């Protein structure tokens, strides 16, 4: 396993403090509505409004000073790398789909990234980013491939276990796989009874199918742009198979209901991918007395 437990522990202590120790609590109104005891981890209360800053900041500590970095992003990872580049002193170029959420494009540029908008979907943008890095000698960073990004995201699990609760299941949205595999790596070691459940959008099931040993081609169709993955990152698939116990699907209507639930009960505005975990808890009979989920983003 190339996800290092010592690195996760180090990330939990050394990443930018604006991303550490995010709120985590059990809200009684949410629990009553879902009919479950749910510990939420709120990853929206930071300058990026998402969890992505953790992995990008930890990755930054592994890069040579001044190294130019290129990535593809639906928006949140690009913001995170731009923030890390500004903090650690390296230029960042982001390739995004021309159909990406406009506010995410605006925020990436505001954080100092050079953003290239490519025709087609996220996979096309990633192909263009990889070619650009090869031509220019920049470092191509791929969310879900680079272990440091995964290890930084795994710091969320370190914090969750400080709540002192027995967590029976962790329900985690699955995009490129960094969040769930980083968390699962830590939980399997320090809370082995916790069941790890991933959540994919019904209109973007590629990671769920890859986890099950199947493949899928064709376009994605979901409002959850943060988890709208058409082609899995190859390095992420064996990690998913080794660490994740189950992956469930949720449709867009379930995601919309979960967004409304979060707003009504928690007073939080979540983007669709950020509410996917809540949608899965409402739609699926996930075993366990206490369930945790990560509210991953609020860049609507």
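The values are calculated or read from the model by the stated rules, or taken from the named source; none is laboratory data. Not measured: the values here are computed from a predicted model. Note that we place each Cβ from the backbone using ideal geometry, even for glycine, and neighbour counts take in every protein chain shown.
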If residue 67 meets every condition in (1) out of contact with any helix residue (DSSP H, G or I) (no Cβ under 9 Å at 6 or more places or on another chain); (2) assigned to a helix (DSSP H, G or I) apart from one, which number is that one?
(2)
Quick one: would you say residue 192 is surrounded by fewer than 24 Cβ atoms within 10 Å (Cβ to Cβ), closer than 27 Å to residue 289 by Cα and modelled with pLDDT of 95 or more?
yes
Just to verify a result, which residue in the range 208-245, among those that are touching a strand residue (DSSP E or B) at 6+ places or on another chain (Cβ under 9 Å) and closer than 23 Å to residue 189 by Cβ, is surrounded by the fewest Cβ atoms within 10 Å (Cβ to Cβ)?
245
Going residue by residue through the range 216-224, is there one that turns out to be at pLDDT 95 or above, closer than 23 Å to residue 38 by Cα and not assigned by TED's automatic domain parsing to the domain that holds residue 101?
yes
What is the residue count in the range 92-120 for residues that are surrounded by fewer than 18 Cβ atoms within 10 Å (Cβ to Cβ), assigned to a loop (DSSP other than H, G, I, E, B) and touching a residue at least 24 places away in the same chain (Cβ under 8 Å)?
1
Collect the residues in the range 177-192 that are in a helix (DSSP H, G or I) and in contact (Cβ under 8 Å) with a residue 40 or more places away in the chain, keeping them in residue-number order.
178, 179, 180, 181, 182, 183, 184, 185, 186, 188, 189
